[in-house]
Amino acid sequence: MNENLKICHFTSPHSRYDIRIFRKECTSLVTQDYNVNLVVADGGTDESAGKVTIHGVKKPKNKLVRVFITPFKILRKVLQLDADLYHFHDPELIIVGLVLRLRRKKVIYDIHEDLPRQLFVQKNRNRIKRKTMEFLLEKFENFGAKRFTALITATPHIGKRFKQINTNTVVVNNFPILNELSQKNTQVDKANEVCYVGGILKVRGILEMVKALEYGDTMLNICGEFPSPELKEEAMELEGWSKVKHHGFSSREKVSEVMARSLAGLVLFQAYPNHINSQPNKLFEYMSASLPVIISNFEYWREITDKFNCGISVDPENPHEVAEAIKRIKDNSKEAEDMGKNARRAVEEVYNWGMEEKKLLELYASILN
């Protein structure tokens, strides 16, 4: 029985109830009777949640501590657990994974982002420094990836890169749990509102969203936290802020309520390399809640909305174009309703966690059996 097999997930920046790590992967493993443990660097106490045993280690004071000190605190804890299989989620923990491999442990590296193309690299305006950083990060990550038992990637684009490095690479997309955010049994009247759920950043279009509100009378619900008082102040100084309802960090129940009454969901990431081929979880969450989507006009994203006729693509840096898309959905209720139904159908048929869970469980079975 799998209950005798101990699994240990570990992460340094993610929360203990992270959607992908805890609610999807760990929870799916519990259904197969694995003894599932999760180590997180949040400074919290140990607990059992949904049959997952969560172990807290000291929370790092800053990013430098997280990258250079916290991995060794996590290493001490995961060695104590002596698991049959280890599964980690962050590039700064590659060194921990390599130590575990030296001890002949089975290790999976779960790759959420394309590290060398991440935003902190792209922000470096000096081309030589940026290219050097990309090169060194890629070499380091590739060195570890070759030596791990298996790799999981969160998108096909990342998977394409790593399948050339480690043949035991599986794409497990970060698609939503099918009925988590839908309110099928509750009829909710639509308000003259749209919504944005997730991290609030300039590069994710927060200022353009607020500016777009200046061209109409539609309200914007925001569920998420500002990373700094300065960005919040900058957004609040815009004229469109008078039409914003900022809910702050929100429970999944609150997010579900906001989506249910909204006309559309916004995903307006700007055109950074790590965004263009990404699969934002919020896009598919909106779709699972039968919401039309207003998205950045990246080719990969546009293919989804064109195939299923479930949204409108816009220039994410053009607030007027965003406003026109909102107005179109607001003024054409039948078209918007059809888009929402199409979005839900797409999730039911393709973009749901149930489909991805099978790939995760098959990989585990192949490694442990």
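Quick notes on this structure:
- The heavy atoms of residue 327 offer some 110 square angstrom of accessible surface to a 1.4 angstrom probe.
- Taking the chain and dividing mean pair separation by its residue count, relative contact order in percent (alpha carbons under 8 Å, at least six apart): 13 percent
- Counting only protein heavy atoms and a probe of 1.4 Å, the accessible surface of the chain is 49% carbon and sulfur.
- Which of 37, 177, 136, positive extreme of dipole for the chain (C-beta unit charges): 136
- Scalar couplings 3J(HN,Hα) for region 6-12, obtained by applying the Karplus form with A = 6.51, B = -1.76, C = 1.60 to θ = phi - 60°, are 9, 10, 10, 8, 8, 8, 9 Hz; x denotes Gly and Pro.
- For the chain, a crude dipole built from +1 on the beta carbon of Lys and Arg and -1 on the beta carbon of Asp and Glu, taken about the Cα centre, is about 1660 debye to the nearest 20.
- Modelled spin labels at residue 33 and residue 332, positioned 7 Å past Cα toward Cβ, are 5.4 nm from each other.
- Under 5 Å from the amide H of residue 171 lie the amide H atoms of 153, each residue being 5 or more positions distant or on a separate chain, with H modelled from the backbone and absent for Pro and chain starts.
- Spacing of the modelled spin labels on residue 147 and residue 231, each 7 Å from Cα toward Cβ, amounts to 3.5 nm.
- Cross-link partners of residue 131 among aspartates and glutamates (Cα-Cα below 16 Å; sequence separation of 8 or more within a chain): 114, 141
- Unsatisfied cross-links (Cα-Cα over 27 Å) in the set 160/341; 254/327; 105/358; 307/327; 58/160; 24/327: 160/341; 58/160; 24/327
- Residue ranking by accessible heavy-atom surface, 1.4 Å probe, largest first, among 155, 31, 53 comes out as 31, 53, 155.
- Comparing Cα centroids, region 32-76 and region 278-328 end up 36 angstrom apart.
- Distant-in-sequence amide H partners of residue 221 (H built 1.01 Å from N, under 5 Å): 194, 195, 196, 245
- Inter-label distance, residue 362 to residue 65: 4.4 nm, where each label sits 7 Å from its Cα along the C-beta direction.
- Full-extension gain in nm, residue 270 to residue 324, via 0.36 nm per residue minus C-alpha separation: 17.6 nm
- Scattering profile of region 185-322 at q = 0.21 Å⁻¹ [log10 I(q)/I(0), Debye over alpha-carbon scatterers]: -1.41
- Accessible surface ranking that places the most exposed of 242, 15, 256 first, with a 1.4 angstrom probe: 242, 15, 256
- 0 to 90° range, to nearest 10: angle between helix 319-331 axis and the chain longest Cα axis: 70 degrees
- Taken about its Cα centre, region 190-251 carries a charge dipole of about 260 debye when Lys and Arg each add +1 at the Cβ and Asp and Glu each add -1 at the Cβ.
- Cα gyration tensor category, rounded, prolate or oblate, for region 141-222 with a/c compared to 1.5: oblate
- Sites listed here are GluC sites (Glu not before Pro) in region 274-369 whose DSSP assignment is loop and whose Cβ has at most 16 other Cβ atoms within 10 Å: 317.
- Distances between placed amide hydrogens fall under 5 Å for residue 178 paired with 353, 354, all partners being 5 or more residues away or on another chain.
- Using θ = phi - 60° and Karplus 6.51 cos²θ - 1.76 cosθ + 1.60, couplings along region 291-308 (whole Hz; Gly, Pro as x): 9, x, 10, 10, 10, 4, 7, 6, 4, 5, 5, 5, 4, 5, 5, 5, 5, 9
- Surface listing: 353, 241 arranged by accessible area from highest to lowest gives 241, 353, probe 1.4 Å.
- For region 211-226, the Karplus equation 6.51 cos²θ - 1.76 cosθ + 1.60, evaluated at θ = phi - 60°, returns couplings of 4, 4, 5, 5, 9, x, 10, 7, 8, 10, 8, 10, 10, x, 10, 6 Hz by residue, with Gly and Pro reported as x.
The values are calculated or read from the model by the stated rules, or taken from the named source; none is laboratory data. Treat the numbers as computed from the prediction; the structure is a model and nothing was measured. FYI the Cβ positions are ideal-geometry reconstructions off the backbone, even for glycines, and counts take in every protein chain you see. Ligands, DNA and RNA are excluded from the accessible area calculation, which covers all protein heavy atoms including side chains. Shrake-Rupley method; radii C 1.70, N 1.55, O 1.52, S 1.80 Å.
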